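Worksheet: one structure, shown below.
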Amino acid sequence: MDVMLRLSGVSHAYVSPRGATLAVDGLNLDVAAGEFVSLVGPSGCGKTTILNLMAGLLKPSRGTVELAGEPVSGPNPRIGYMLQQDYLFPWRNIRDNALIGFEIAGARGPEAIRRVDRLLAEFGLAGSARRYPHELSGGMRQRAALVRTLVREPDVLLLDEPFSALDLLIRHQLEDLVWETVRGRGVTAVLVTHDLEEAAAMSDRVVILNASPGRIRAVLDVPASIRTRQPSEARWEKEFGPLFHHLKEMIQEPKGGGAGHARGAGERMDPRT
Amino acid sequence: MARAMPGERESGWIRELERGYRSRARRVTLLVRIWQAALLIAFILLWEAAVRHGRLDELLFSYPSKIAGMLGELAVSGTLVPHALTTVLETTAGFALGTLGGTLLAALLWWFPAAARVLDPYLVVLNSLPKVALGPIFIVGFGPGYLSIIMTAVAVTIIITTLTIYGRFREIDANYLKVVRLFGGTRWQVFRLAVLPGSLPTIVSALKVNVGLSWVGVIVGEFLTAKRGLGYLIIYGFQVFNFTLVLSSLIVIGAVAALMYGFVSLIESRLSPGYRVR
């Protein structure tokens with residue numbers, strides 16, 4: 001399999017008046033083309049930093065990030081990014097929001113509008129094209145944000161806890177939708193999440209990170225029976241329970257020597273309020 | 001917006017409830033209007049009566065019927081309109097230029113953060129300076145006329161506008177800027193697509209505040225130099241001790257300023273269809 005994203009020896013430190021803090025330390029990670037990888041770990045493990053590095057929004061302090069063999073030097077239309085919330089512009093209607101990628105590329109035209117409308121219809125938003133974000137529910141807004149990202153046909157989709165602000169039911173629907181979209185289009189996806197169940201149900205591989213600084217603790221392959229089913233069904237598979245427990249143990253398992261520290265990190269894994 | 005869909009049987013009393021609510025709301029609105037009108041009428045009558053019975057000094061306070069007569073006279077003789085028009089045009093130019101210039105300055109500060117840091121104390125000092133004190137300098141610099149009056153109005157409005165709008169520029173949620181950057185947007189696109197439209201409500205509300213401030217600048221400017229305008233009428237009335245003229249001009253100013261404010265509010269509601277800040 002071709003490597004789509006390659007992080008080699010990536011470290012990143014944030015500098016502030018109080019000094020430098022190491023957020024990510026010596027990360028090596030390959031994501032194959034078409035693969036779905038989840039990053040899980042306690043808060044402070046640099047998950048969002050890793051996504052920002054992949055997206056080219058941050059330059060790594062050390063090491064390199066490559067997209068299909070080319071070094072990433074800045075934001076790239078081939079990489080799509082979904083934020084924790086939709087961040088649709090409240091002064092634009094849904095269609096104009098979804099067109100923003102074309103507009104920035106100077107490619108807004110009849111063809112772009114056709115493509116946006118087609119994708120909006122595919123995501124059940126055909127009737128909402130002329131409505132404004134505040135008129136839509138949270139789930140619809142996040143779908144509109146997904147259209148905004150996907151209409152530019154990215155090769156890689158970075159997902160920064162995109163479901164965390166939604167109700168459970170809507171969250172599960174959206175997980176299925178994203179999963180199907182990503183599989184159907186052969187898009188490479190990297191999902192950052194707090195939710196171990198979500199990570200297990202959606203991905204091919206789960207990467208477990210340590211906190212401060214972020215380091216890879218373990219990588220877990222998801223069995224075929226689970227990764228070939230859409231998330232809402234995968235949760236009912238026989239192997240799902242054991243996988244989930246295994247993940248949970250790995251995240252709570254004290255790392256060699258620093259038992260107290262690791263337990264502390266595990267406690268912080270409790271669902272966010 | 002889910003609206004309760006009443007069944008056949010319940011619909012009767014629910015409609016009754018709605019009707020009752022609406023008629024109560026209408027009654028309250030009507031009462032408010034009546035009180036507003038009553039207050040105005042009472043004020044005018046009291047004023048008239050107090051002066052006529054010698055409780056208030058007629059020279060200083062004049063009285064409503066005399067002012068009405070003066071206004072009618074001014075309107076018929078054709079002096080009122082040119083004076084009012086002059087002041088309205090100067091004020092409009094003042095707040096439009098002040099708001100535009102302030103927005104432009106704020107944009108420059110946003111574009112050059114280093115300059116913003118360097119200039120910060122100067123802006124604070126300029127902001128606390130009473131700008132009308134610059135009037136004499138403008139009169140010498142721009143000549144006694146419209147230009148120096150408009151410049152006084154601009155001076156009053158521009159600094160506070162700059163500070164307010166620059167503050168808003170920096171408050172825009174970083175994630176909106178991130179959206180534009182993720183699509184490979186340039187700094188200019190970040191500004192044009194996220195920062196500026198996100199600040200539009202602030203800019204319009206600055207426009208509304210500047211209507212009032214601009215009146216201050218224009219009237220003071222006219223005090224200092226004008227040959228025409230409502231400020232000139234006031235100063236002229238003062239010099240010949242005709243306080244009826246002074247108060248008549250004041251009433252015209254009040255009326256025109258309220259109209260102008262209403263007009264800007266109208267622009268505000270037109271400018272932002274569907275806009276709702278999260």
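The values are calculated or read from the model by the stated rules, or taken from the named source; none is laboratory data. From a predicted model like this one, the values you see are computed outputs, not experimental measurements. Reconstructed Cβ throughout: ideal geometry from the backbone, glycine too, with neighbour counts over all protein chains shown.
Structure notes:
- Just one of (1) buried (at least 20 other Cβ atoms within 10 Å of the Cβ); (2) within 14 Å of another protein chain (Cβ to nearest Cβ); (3) under 22 Å from the mean Cα position of the chain (by Cα) fails for B:Leu200. It is (1).
- Single condition A:Gly106 does not satisfy, out of (1) part of a helix (DSSP H, G or I); (2) within 11 Å of another protein chain (Cβ to nearest Cβ); (3) small (Gly, Ala, Ser): (1)
- Test set (1) buried (at least 18 other Cβ atoms within 10 Å of the Cβ); (2) within 22 Å of the chain's Cα centre (by Cα) - B:Thr225 fails condition number: (2)
- In the set B:Tyr176, B:Tyr166, B:Tyr146, only one residue is hydroxyl-bearing (Ser, Thr, Tyr) and either touching a His at 6+ places or on another chain (Cβ under 9 Å) or closer than 30 Å to A:Pro154 by Cα (or both); that residue is B:Tyr176.
- Search result, residues across segment B:97-122 that are in contact (Cβ under 8 Å) with a residue 24 or more places away in the chain and surrounded by fewer than 18 Cβ atoms within 10 Å (Cβ to Cβ): B:Gly101, B:Trp111, B:Ala116
- Every pair of residues 6+ apart whose Cβ atoms lie under 6 Å, when the first sits in segment A:174-187 and is assigned to a helix (DSSP H, G or I) while the second is aromatic (Phe, Trp, Tyr): A:Leu174/A:Phe163
- Meets criteria (touching a Gly at 6+ places or on another chain (Cβ under 9 Å) and either over 19 Å from A:Glu249 (Cα atoms) or not hydrophobic (A, V, I, L, M, F, W, C) (or both)) for A:Ser225: no
- For segment B:131-145, taking the residues that are under 18 Å from B:Ile159 (Cα atoms) and among the aliphatic types (A, V, I, L, M), the one that is surrounded by the most Cβ atoms within 10 Å (Cβ to Cβ) is identified as B:Val132.
- Test: B:Ser65 is exposed (fewer than 11 other Cβ atoms within 10 Å of the Cβ), among the hydroxyl-bearing types (Ser, Thr, Tyr) and over 14 Å from B:Leu250 (Cα atoms): no
- Of the criteria (1) in contact with a strand residue (DSSP E or B) (Cβ under 8 Å, 6 or more places away or on another chain); (2) buried (at least 22 other Cβ atoms within 10 Å of the Cβ), which one A:Arg205 fails: (2)
- Filtered residues of segment A:116-128 (kept if assigned to a helix (DSSP H, G or I) and not acidic (Asp, Glu)): A:Val116, A:Arg118, A:Leu119, A:Leu120, A:Ala121, A:Ala126, A:Gly127, A:Ser128
- Single match in A:Ser61, A:Ser38, A:Ser43, A:Ser16 (criterion: polar (S, T, N, Q), more than 14 Å from every other protein chain (Cβ to nearest Cβ) and crowded, with 18+ Cβ neighbours inside 10 Å): A:Ser38
- Residue within segment B:179-195 that is away from chain A (no Cβ under 13 Å) and either outside any helix (DSSP H, G or I) or free of Cβ contacts under 8 Å to residues at least 60 places away in the same chain (or both) present: no
- Residue in segment A:162-172 that is within 13 Å of chain B (Cβ to nearest Cβ) and over 25 Å from A:Ala234 (Cα atoms) present: no
- Near pairs, Cβ below 6 angstrom, 6+ apart or cross-chain, from segment A:19-37 (free of Cβ contacts under 8 Å to residues at least 60 places away in the same chain and within 30 Å of A:Gly186 (Cβ to Cβ)) to any residue that is of a type in the set (Ser, Thr, Tyr) and surrounded by fewer than 14 Cβ atoms within 10 Å (Cβ to Cβ): none
- Here B:Gly141, B:Gly101 are screened, and the one residue that is of a type in the set (Gly, Ala, Ser) and either within 29 Å of A:Met82 (Cβ to Cβ) or within 22 Å of the chain's Cα centre (by Cα) (or both) is B:Gly101.
For (1) among the basic types (Lys, Arg); (2) out of contact with any Lys or Arg (no Cβ under 8 Å at 6 or more places or on another chain); (3) in a helix (DSSP H, G or I); (4) modelled with pLDDT of 90 or more, each residue gets a yes or a no:
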| site | (1), (2), (3), (4) |
| --- | --- |
| A:Arg130 | yes, no, no, yes |
| A:Leu146 | no, yes, yes, yes |
| A:Thr149 | no, yes, yes, yes |
| A:Pro154 | no, no, no, yes |
| A:Leu159 | no, yes, no, yes |
| A:Ala200 | no, yes, yes, no |
| A:Val219 | no, no, no, no |
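- Filtered residue count, segment B:164-176, keeping only those that are at the interface with another protein chain (Cβ under 10 Å from one of its Cβ atoms) and surrounded by 19 or more Cβ atoms within 10 Å (Cβ to Cβ): 1
- Flag for B:Asp120 being among the acidic types (Asp, Glu) and within 14 Å of another protein chain (Cβ to nearest Cβ): no
- Applying the set (1) surrounded by 19 or more Cβ atoms within 10 Å (Cβ to Cβ); (2) not in a loop (DSSP other than H, G, I, E, B) to A:Glu111 leaves exactly one unmet item: (1).
- Residue match in segment A:120-134 (condition: among the aromatic types (Phe, Trp, Tyr) and within 23 Å of B:Val195 (Cα to Cα)): yes
- Scanning segment A:65-97 for residues that are hydrophobic (A, V, I, L, M, F, W, C), in a strand (DSSP E or B) and either within 16 Å of A:Leu146 (Cα to Cα) or within 12 Å of chain B (Cβ to nearest Cβ) (or both) yields A:Ile79, A:Met82.
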